[in-house]
Each structure stands twice: as C-alpha cells, then as structure tokens.
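Please read the structure below before turning to the comments.
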Amino acid sequence: MSAASYYGAQGGGGASVATTRFTPADFKYNGRVALALIPCLLTVATIGGLSVLACLTVGAMVVYLMDALQYREGAFSCAWLTLACAYITFSLSLLTTSDAPIVLQLCMMFSALFLCGLTGMWGSLQFKWLQMQYPAAAIYFERCVLTCSLPLAAVMHSLGLATFVDYSDVPFYMAVLLTALYYALGRPLMSSFYNVKAGPAGIGGGPAVGPEAVVQTRADGALMAGLVAFLPALTYAAVHWVVLFVPVHVYSMLLLAGGMPLTLALLPGGMWWLAPAPQSPVNARAAGAAVDDGPSYGNTPYIATPSKGFAGLLRKGILATALLVALIGFEGRIVFHGFGQYIKLPPPWDWVAVTFALFGCAVVGILHLTGALGASVDVTMAGSFLLLCTTAASLAAGVPFQWLPAPLLAACGLSLFYESRSLREYMVFVVGAFLTLLWFMLQHFWFLDIVIGGFKLHTICKLAIAALVPALTVPGLIVARANGHLIGGLMVAQAVLVCLIEEKLFAAGHEDGAPEPMYPGWLILATSMLGLAAARILTGRGRLTPLASWLLHSLYGAKAAMLLIPEAYLVLPSALLLASTLAPYFFHGHSWLHNAPAHSASAGSLLAVSAAPPPGAVVSPVPPPRVRRLRLAPWQGLAHVLSVFVCVILSRFAIFDVVQFLISARPTEGLLLGCLFLVFAACLVPLASHCYGGTGLVARGAAGLGLVGLLLVLLQPPLPLAGGARCPRMPLSLSLCPRLWDERHVPMHSAEDVEIWGRGLSRREHWPRWMLIAAVVAGMATTGGGGAAGMAGVIAIQRRRTVVARMAFGAAAGLLVGSYTALELLPSQMPLQVLITAASIVAVMFVVLLSLPRAGGPVALPALAVLWGTCSGLALLLHAELPVPMERANSRLFPDSKVQVEREIYRATKASLLAVVACHSLLMAFALKLKMTSTLRRRTAAMTGRDANGAGTSMTSPSALLCGIVPSSVFTNYCAMLKLEGAGGMALQRLQAEGLGWVPSLGNILTITALALGLALNCFLNGGMGVPEGIFMLAPILLLLSQDPIILPGLTERQRYCPPMGAISLYLLASGVIQAITDILTPNGPAAQAGLPPALYLAKELGLAALAVPHHVLFLQYLWTLMPRRWGLPLLVAAPVCILPTVMCDVPALRFFGAVGAVVAVLQYFSMKHVRHVGMKVI
C-alpha cells in the first residue's frame, strides 16, 4: 500500500492512525528531484529561447524575495504563476519559430505542461503551511513528484542530449543517465511526512516502519524499471531505423537491450518490486536504518532484493537472460567491432574462442551471484573451468608462449582467493593480470610515436599501466578488510590517473582536424557515476577515511566537466572548486554523503556479496562514524573561506572559458568579475548552511557576494587595464606582472571602443556604474537592521545600529545614486547634476528617517519632503533655460547635423529628468504606504481617556496635518471632513500619536505626482497623448493611495482597486477623444485618409466609444460599493457591444477603451455571481 492511500484513508480505525502517522516535515528528496527536473527546465529554456529563460529567472528571483520577506502565500502563487507564464511563452515560441512537425510540437508542449505541473508540485512541497493545511495535497504531490519525475526526465533528457551530442550517441548517454535516475528515484523511498516514532513499536522495541511508508507502489517500480530497461534500445532503433539490420547496429541493440536489465538486476534493490513487502511493521533500528538521517534506501528495511521463492527465481531468470543478450552484443559490438584487429586466431576459431571465454566467465559469475558457487557447485571445479576460459581468451588475443603463464596465473590466483579470502592468493591474481595487460600495451601501443593532447602515446601507456595497479588491488583489499587509509590512497591515485588519461584522450578527439572522437563521452559519464557510487558505498560502510572520500567525490564529480568544453581542460579547476565546496560535508559533522544503502539488510549488491567474510572468520564490528561538531572555530571557518577564495582565483581561466562558451563571444571584464563573485558565493553556500545553519557572518557574506556579483553581471562596469589584462608598472623596475588574466584570456574592455570611436553620445566609459553598485551595498547596510525577515540583512549590520550610523549609510547611498544618475544621464550639466544629486540624497534620507520610529520628528520629515520638491522643481525649470552642452566629439562625429544632435540631447536629458523625479516620488510614496501598513499591523499602545466605542474613529487636529505651520482656525469650517472611520481612522490616530498625521496626505500627493510624471514622460517620448498601452503599466501606481482626510477621505481598503481602474478608463477615453479631434484638425490626417468628412469621422469615433462608457461606469460603481446588482445577466449580454469600438474605431486609445469595457463586463458578472454565491452559503 502506498503512503498516499494510507494517509488518505478515512473512517474506521484508520483515521486515527492516519493522523498520527502524518507529520509536516521538510521534503527530503530535493537533490534527487533536482537531478531529474532541473535539466528538463534547462532543455525547455534552450528550446524556448531567452524569453523562457528570462521568465524562469525573474520568477525565481521574485519567489525567493517574497519567501525571504515571509510572504509565503504570495511566494506560492508567484511560483505557479511563473511556471504558467513560462509554459505560455514556450508554447508561443515553439509554434511561431519551430519547423518541427506538428505532432512533435504537440508532444513537446504536452511534456512542457507536464514539467511545469511537476515543478509546481515540487515547489509546493517546500511550504510547511501547505502541509499543515492540506496534508492530503502534500502527500499527493510527493507521490506525483517521486514517481513521475523519472518518466518525464527520460523524455526531456533525450531532447536535451540530442541538442548537444550526436544522435548516434544519445542512447548510450540515456543509458547512463537513466541508471543514475533509477538509483535515485526508482528504488523504494520512505515518505518525508511519515512519522516513524508514532504508532506501535517494532519487535524488540524502537520505531517500526510499516509497508505504507513507501511512496512508490510495486506497479510504479515496475513501470519505471521497464522504461529504464527498454527506452535506450528503442531510442537506438529509432535513430538507426534505416540501417538497423546492419550487424554492428544489431549488436549495439542487443548490448543495450541486455545491458540495462542486467544493470537493474545487479543494482541494490533494483528489482524490489518483484516480491511484495511484508504486511507487518519492521523494526527500523534492527534493520540498520538510520531513522534520523537523510533519506536513503536503508530507510525502507522491509523491502529486500528478492532471492527466494517465485520472485527470486524470476530475478535469476532475468539476470541470466539479460547477461546472455548483453554478452552477445558485447562480443559483436565491442570485442570484434572495436578490438577485432587485436584478435589473432583465424575465423571461425576466433568466434569460438571468444564466445567460449565470455560465456564461460559469465557462467561462473551467475553461479556466484545466485549463491550456487560454493554451495551446490564446487569452487575447484569452477576454478578449473575459469582456467580453460582464460586459456581460450589468451589464444584468441595471440598471447605468445613465454607470456602465457601470466593470464593462467591470474586465473589460478582468483580461484584460490575466492575460497580462502587471503591477500597472498589475491596478489598472485594481481601480478598475473598486470603482466598480461603489460604485454598487451607493449605489443600494440608502446612503439607508436604519436602525440595525444600534448602527451606521447607511450606516456599515456605508462599512466594506464600505473592506473591498473590500484584498479586490480583495491577489490581484494576491500574483501579482505584491509586498512582504510591504504584503500583510500590507492583509489585516489587511480582517480587522478583516470581523470588525466580520459581528459587527454577525449580532448584529442575534439581538436581541430581530428577525424572522429577517440574516447566516447558517455563512457566518461559512466566512469564518473561508477566512481561516485563506489565512493559513496564505501563511505557509508566506513571503509574510507573522510579525506579519501572527499577527494574521490571531488575528482569523479569534476571529471564530467570535460564534456562541456573538451579543449579547455576543465577537470583540474573543477576539482579545485568542488573540493573546496564539499569540504565542510566531509570534515565537520554527519551529512547526507555518509548515509549509504550499505547499512540496511536489503542491500544486495555484487560488492556486498563479494565482501562477505569467509566461513569461520571473526568479523569485528565496524564502529559508527565519529560525530563531529557542527559549529566551527573561527580559524576553521576562516581557513575554509580562504581555501575557497584561492580555488576561485586559480580557476578563473576555466570560468573565463565557460562564460565565453555560453555567450559565444568574448566576455567583458565586468561580466567576468561578476561571475567570479557568483562562483565564490556559491562555493560558500555549503559552509554556511552545513556548519552555521544558514545564519551568521558567512551566510550574510555569501549572500552579499552573490548580490554584488549579480550587479556586476547586469551592469558590467569597466575595470582598469593595469592589473587586469595588462601588466602594471612595478616600482624599482621589478620584472613581476601581477595581473588577473593572461594572453589567452583577455576580456573585452570598454576603453577599447572609446579609443577607436571617441566619446560620442553612446561611446563613453561607464565608470559611474561603480557608484550604483556601491549605493546598493550602502542601501543594504542602511536597512539591514529592519528585522530578521528583511532581505537587506545580508550585510553584517546588527539591529542595534544607531540612528546616526544608518543616516550616514543612507546619505552615502543617496549620494552615490545621485552621482550615478547625474553623471550618466546628465553629462556636462553641472547645475542639473547638483540638483539631482541633492534630490537623491534628500529622498533616501526621507526613506531612512521614515523607517526609524520617532527619529524624524514632526518637522524633519516634512522639511525633507519640501526640500526634495524644491530641488526637483528647480531641476525641471532650469532644464528648459540652460543651453544644451555640445562636446567636441559630438561635433566631430556629427558635423552636418548640429541642430538635430542638440534636439536629441535635449530630449534625452528631459526624459531622464522626468524619469528620475518620477522614481523619487514613487520611492517616497511606497515608503509612506509601508509606514501606513506597518502602523495598521502594530498594536495600539494603552491610551488613557480613550472611548472604547470610538476606537475606529479619528478626529485629528487640522493644524497637525500641516505640522502646525498653518493655524488651526483656518481649518475650523472643515473639521467635519477630518473625521475618518475604520482602518484609515485607526492608522491616522496611531500616526498622530507619533507626530506623523500628515503621512497619508503626503503619500497620496507623491503617488499622484509619480503617475502624472509617468504620463508626461509617455507623452513626451511618443508624442501627442502617448501610447495607450502605457496606462496599463502606470495605473497600478495608484494602489499606493491611502485614506486621508484631505484628498481621499472616502477611500477604504476594499475600494483600493477603484482608482487604478478609473485612471485607465479616464485616460483612454480622454486621450482617444483628444486624438480624434486632432485627427480631424490635421490636414491629410487619419480622418482624410479614411475618406470621411471630419464631422462624420468624429461622430463615428465618439459614438462607438459611447457604447462602452456604461460598462466602465457600472464597473467603477461596483468596485466602489462592492454590492451585487440584479442586472448582472443583462450586463453580460450587452458586453459584445464593446466589440464594435474595438473593431471599427480608428483611434488606438478608443479601441483599447472598447476592449477594456468588454473585459470588465465579464469580470463584473462573474465577480457578482461569486459574491452572491458566498452570501447564499452564509445565509
């Protein structure tokens, strides 16, 4: 029974069990699901283009920000909305740009829809509130994510692989990737929400794990296993359909068709679905499962690889059949097709000898795996048979008589070791196998004078022979339970040699002029997976030291980097980065890397069977790994940070190559520096999360570095050439050259364009961008003490930061932003630069003071607002009076169009001024709105003499609204309009207690100012009344309006959507009418081109627009009152009338006016219907 069906049981006695067995918890399989879904998302972004990538990136940033600001429901909604937008963008891009058949496009759209749904479910599982409020949905989402990710990844990964590798190699890459995915997701996984400690105890005490804990059912496991077993072979058949019956392709099909089921049969728990799980709970501790550890196969001890009964017989039959088919394919595709030139026997004796050798060794292997060897079959007889197989293989390979004892000695030593488990006999096998492979190298490769990747072939042969020593020795040492330091040292040496050999061979096949790849990429991926699996299993068994395990994970994980850019030799820098990143997991505390399936009773791998001790041997228990502390000493944390920094610096050339490969151009220096910062921040994340719990100086520093790196990537400011790409001038004529880049890695510098083209309108160095970056850092420091949930808390600014210090940071941030704005947007205009800089400083100081309780006082903040208005107004007025600056570069570049250049400069500076002032007013209005919101949320302090019945009413002193500057007697006749009720009155009363009763009015003034400046900028840039689409982006600004006693005394929180809608309707109608009048007054204008008389043209436009006016008026009335009416159905029926102005009007604004009228009519109908339905339910 699955976990979903167990938890979802209702009624009876199971109801109480369901409530005790479910517990909200963190989703434990994020890494496994990410391995499946993130490459799928990258595939969708690659096919969909930059629009899909931008949608996913921006959406992820918004979700992260909302989650960090504790808006959990908003983050949840934004996550699903981001995925929906990404899917729509992907579908539109696919339908408009792709030339693929329509059936393939539909399949890709369905896969993308499936992917977005699974990703949304995965993201939903990260929210605890969803688990607590909707436990059934959490369990359903978990089962969908864990069972559907592998089939989806099988489809999407094949599309992604086809984009980057040859079609003929896709099935082999899929075989490796599907095996890894099945190991991660196909084997039984215990539910993240399964409460092990609840319910009855197991036999012998301790927590019990029942069969309902497993998320996947047996049918799910069988379907995933079938997909993994047969999809690579089917893909190969589809790719080579035309030449499928050529012998080499037939053998390749057989190799894939038999190799994948064989892998599943040998995988620990790979065929768990053959036998049903016991119905009774099993003691988790007795089975060796670590309950409190991370998820692993060991958390489901009641499921074992079937070895008895019908299920065991079926598994042995699958194992034997798959081995037979795989050996046939291996013999034809690998032995005779790939190494046929090294077989010396003439046909048909070559086939006879090779077949006898392969299948004879296979028979011995099957006897070992099934447990028959040593029980029903004598080991001596099997050893004699193995000796005959070795003789046949030696004859086929042409081993001379004087070298023939070497393979025979290896066979004898292996058979003796199998029975005695003695290292002495195993060393006999190692010596014999080593001499045999040494002869093979000397006979076929040693004498060739070939250079491969800068190495001569005989050097590579030496490295390969050196790598054979640990490869042959380590298995015997593991079985004999030798010292872990010796095993780890040999495995690390082998990993280093394998990385070096594979990188040289793979890069040589991708050099210019190479006929074909010398070493297949899928084999690199396969050896990386095998190395990581071996390191993980041995680490879980306690057979490797932390140092050796750390190096093995780093080397085998970095080895896959050579697939990205073979000629860049990325293995060494990737290994350095990965080693510095993973070090905290291995040297400090218990982590997920130590949790391996080897401890469970159900582990049935080949390594586990071969590692069994001989009969009668005394086995000492393996002690558990020593628990290390999770908190580091300061010097340890500093050492980790310095090691990461050094590794990033040493890997800078590799980062350069990767960035250049991704953007297909020479990167700029700012982009590269930002990437270095981002890599540095990413490498510090494991240290911050594992050792410091995601808090503290390291976590804040990593977040700050990441933000600075992102700013550098986006802004790409220039850097000095000295010390960057050129050698700086050293004192005392030293010959040193400390610089960041070398001759092969020279980034693009903006000064190069300036030296060539001069300093024209757009050809100048953007040094002020550094001010903007520094301003962001200072701004984070300014607001860093706002609270634990604030995003600005990434810098080490504590809550006890004094007001003076925060004001200083605010002034610095304002100065830097103002300087950047002035230097970039208003060059060579000193008066305007001074005013804009002063306005920026004042605006930032206003926001900072407003965020500090009682710091600004009743006079300072209004004075700052007046000062900002004065500076901004003077800047706008002076711009019309000051002459336009003309640089010599502009005259040189545009000698015949001085007037036009002056006009362009004037328009650019005026638009910049309008935009800057609008941004200032919008920032201040937003800060005032936040002040109102925080005031509403804050509890009211105890006030003496307050009437309990008047808690929602506010009677504010009139003079207090203008800070006491104007006498209250002037406003005596208007006291009645100062009486506010509801939330607005409560907020105003609390603000009045702080001397901030003017906040709502000033916020409304600034909001209206920002909207007016935005509309003015739209009209100035586009001419006339501007483009009508602009109002849809500007109208949401009016959501910042608040209830105040002077401007909007009747605006409540429920009516906040009425002003934006009113602005849209009024602007579209007014601009449309003005544009229609302008059209009839313009000679040869649109009215004349339409062929209508001016009066008839105007009547047509205004009459069609009048059809949509009632819908707008009724919708605005409904937004203000929120009262359902009886005329909802007639309103919906009359909505098609608004289509007439949308279709027949010639003025764009009136067309938008009609379309909006139709949309609001439909929205109003359904909203009124919903309100009525809710009201009837309440009744």
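The values are calculated or read from the model by the stated rules, or taken from the named source; none is laboratory data. What you are looking at is a predicted structure, and each value in this text was computed from that prediction instead of being measured. As a convention, Cβ positions derive from the backbone with ideal geometry for all residues, glycine included, and neighbour counts pool all protein chains shown. These accessible areas exclude ligands, DNA and RNA; they are computed on the full protein's heavy atoms, side chains included. Shrake-Rupley method; radii C 1.70, N 1.55, O 1.52, S 1.80 Å.
Assessment of the range 156-165 against the conditions (open to solvent by 20 Å² or more (accessible area, probe 1.4 Å), touching a Phe, Trp or Tyr at 6+ places or on another chain (Cβ under 9 Å) and modelled with pLDDT of 85 or more) yields at least one matching residue.
Within the range 1067-1074, does at least one residue satisfy the condition of being within 47 Å of the chain's Cα centre (by Cα), open to solvent by 50 Å² or more (accessible area, probe 1.4 Å) and under 22 Å from residue 1026 (Cβ atoms)?
Looking only at the range 1067-1074, we keep the residues that are within 47 Å of the chain's Cα centre (by Cα), and these are 1067-1072.
Next, only the ones that are open to solvent by 50 Å² or more (accessible area, probe 1.4 Å) stay: 1069.
Next cut, under 22 Å from residue 1026 (Cβ atoms) only: 1069.
Yes; the residues of the range 1067-1074 include at least one that is within 47 Å of the chain's Cα centre (by Cα), open to solvent by 50 Å² or more (accessible area, probe 1.4 Å) and under 22 Å from residue 1026 (Cβ atoms).
This table checks each residue for (1) of a type in the set (A, V, I, L, M, F, W, C); (2) open to solvent by less than 20 Å² (accessible area, probe 1.4 Å).
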{"residue": "403", "(1), (2)": "yes, no"}
{"residue": "429", "(1), (2)": "yes, no"}
{"residue": "443", "(1), (2)": "no, no"}
{"residue": "449", "(1), (2)": "no, no"}
{"residue": "454", "(1), (2)": "no, no"}
{"residue": "466", "(1), (2)": "yes, no"}
{"residue": "485", "(1), (2)": "no, no"}
{"residue": "495", "(1), (2)": "yes, yes"}
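Of all residues in the range 656-668, none satisfies being at pLDDT 70 or above, open to solvent by 60 Å² or more (accessible area, probe 1.4 Å), at positive phi and in the same structural domain as residue 532 (by the TED database). Residues that are surrounded by fewer than 23 Cβ atoms within 10 Å (Cβ to Cβ), of a type in the set (S, T, N, Q) and modelled with pLDDT of 85 or more do not occur anywhere in the range 113-122.
Filtering the range 217-263 to residues that are small (Gly, Ala, Ser), crowded, with 18+ Cβ neighbours inside 10 Å and either assigned by the TED database to the domain that holds residue 177 or in contact (Cβ under 8 Å) with a residue 40 or more places away in the chain (or both) leaves 221, 225, 233, 252, 257, 258, 259. The residue that is most open to solvent (accessible area, probe 1.4 Å), counting only those in the range 52-73 that are without any contact (Cβ under 8 Å) to a residue 40 or more places away in the chain and farther than 22 Å from residue 703 by Cα, is 53.
Of the residues in the range 927-937, at least one is modelled with pLDDT of 70 or more, closer than 27 Å to residue 1019 by Cβ and either open to solvent by 90 Å² or more (accessible area, probe 1.4 Å) or of a type outside the set (Ser, Thr, Tyr) (or both). Of the numbered criteria (1) open to solvent by less than 30 Å² (accessible area, probe 1.4 Å); (2) not in a helix (DSSP H, G or I), the one residue 139 fails is (2).
For the range 552-579, name all the residues that are buried (at least 19 other Cβ atoms within 10 Å of the Cβ) and of a type in the set (A, V, I, L, M, F, W, C). Across the range 552-579, the qualifying residues are 552, 555, 558, 561, 562, 570, 571, 575, 576, 577, 578, 579. The residue list 1116, 1129, 1104, 1096 contains one member that is assigned by the TED database to the domain that holds residue 1168, more than 25 Å from residue 1063 (Cβ to Cβ), in a helix (DSSP H, G or I) and at pLDDT 85 or above, which is 1096. In the set (1) open to solvent by 30 Å² or more (accessible area, probe 1.4 Å); (2) under 22 Å from residue 775 (Cα atoms); (3) at pLDDT below 85; (4) in contact with a Gly (Cβ under 9 Å, 6 or more places away or on another chain), the condition left unmet by residue 718 is number (1).
Summed over the range 1142-1172, the residues that are of a type in the set (Val, Ile, Thr), surrounded by 18 or more Cβ atoms within 10 Å (Cβ to Cβ) and without any contact (Cβ under 8 Å) to a residue 60 or more places away in the chain give a count of 1.
When restricted to residues that are assigned to a helix (DSSP H, G or I) and open to solvent by 30 Å² or more (accessible area, probe 1.4 Å), the range 85-104 contains 11. Here is the figure for the range 538-551: residues that are assigned to a helix (DSSP H, G or I) and either at pLDDT 90 or above or open to solvent by less than 30 Å² (accessible area, probe 1.4 Å) (or both) total 8. Contact map, the range 858-876: first residue over 24 Å from residue 1016 (Cβ atoms) and free of Cβ contacts under 8 Å to residues at least 12 places away in the same chain, second residue surrounded by 16 or more Cβ atoms within 10 Å (Cβ to Cβ) and among the small types (Gly, Ala, Ser), Cβ cut-off under 7 Å, separation 6 or more or different chains; the map is empty. Inspect the range 35-54 for any residue being in contact with a Cys (Cβ under 7 Å, 6 or more places away or on another chain) and either at pLDDT 75 or above or charged (D, E, K, R) (or both) and give the result as yes or no. Among the residues of the range 35-54, not one is in contact with a Cys (Cβ under 7 Å, 6 or more places away or on another chain) and either at pLDDT 75 or above or charged (D, E, K, R) (or both), which makes the answer no. Just to be sure, is residue 677 in the same structural domain as residue 747 (by the TED database), modelled with pLDDT under 90, of a type in the set (Phe, Trp, Tyr) and closer than 22 Å to residue 718 by Cα? No. Residues that are in contact (Cβ under 8 Å) with a residue 60 or more places away in the chain and in a helix (DSSP H, G or I) were ranked within the range 341-383; the one that is surrounded by the fewest Cβ atoms within 10 Å (Cβ to Cβ) is 342. Could you please let me know if residue 1059 is over 36 Å from the mean Cα position of the chain (by Cα) and either charged (D, E, K, R) or not in a helix (DSSP H, G or I) (or both)? So residue 1059 does not fit the description; no.
Does residue 529 satisfy the criteria of being open to solvent by 20 Å² or more (accessible area, probe 1.4 Å), assigned by the TED database to the domain that holds residue 582, part of a loop (DSSP other than H, G, I, E, B) and touching a residue at least 24 places away in the same chain (Cβ under 8 Å)?
no
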